[in-house]
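Read the structure below first, then the notes.
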Amino acid sequence: MPIELPRQTRADAIASLQRYFEENLPEPIGDLPAGMLLDYILQEIGPLVYNQAISDAQARLSSVVTDLTGDLYEKPFAYWPTIESKRKRR
């Protein structure tokens, strides 16, 4: 599944690449080369970042789901022991 950016996000990414080139490299980069570089990054490297994010989300969700029983468990038939405990305190 290719990673596609909304028009404004793409324009902002191209502007960011151009700024990076201006501040860190000896030659500036134009709109077309910056767009081509962005396309390359999205196609070649983007899936690595995307897959890692999915893996991280799966691990987090798995740990949350695993702990559901411990976090949300309610002891059944707890009314009478609770009432009896309160009566003994009086």
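Please treat every number below as a calculation from the coordinates, not as lab data. In this text, all values refer to a predicted model and were calculated from it rather than measured experimentally. Neighbour counts are summed over all protein chains in view; Cβ atoms, including those assigned to glycine, are modelled from backbone coordinates with ideal geometry.
Worth pointing out:
- Among the residues of the range 21-47, those identified as surrounded by 13 or more Cβ atoms within 10 Å (Cβ to Cβ) and either in contact with a Leu (Cβ under 9 Å, 6 or more places away or on another chain) or more than 17 Å from ILE3 (Cα to Cα) (or both) are PHE21, ILE29, PRO33, ALA34, GLY35, LEU37, LEU38, ILE41, LEU42.
- Residues in the range 1-30 that are of a type in the set (Val, Ile, Thr) and in contact with a helix residue (DSSP H, G or I) (Cβ under 9 Å, 6 or more places away or on another chain) were compared, and the one that is nearest to GLN43 (Cα to Cα) is ILE3.
- Residue within the range 48-64 that is surrounded by fewer than 10 Cβ atoms within 10 Å (Cβ to Cβ), farther than 30 Å from MET1 by Cβ and under 32 Å from the mean Cα position of the chain (by Cα) present: no
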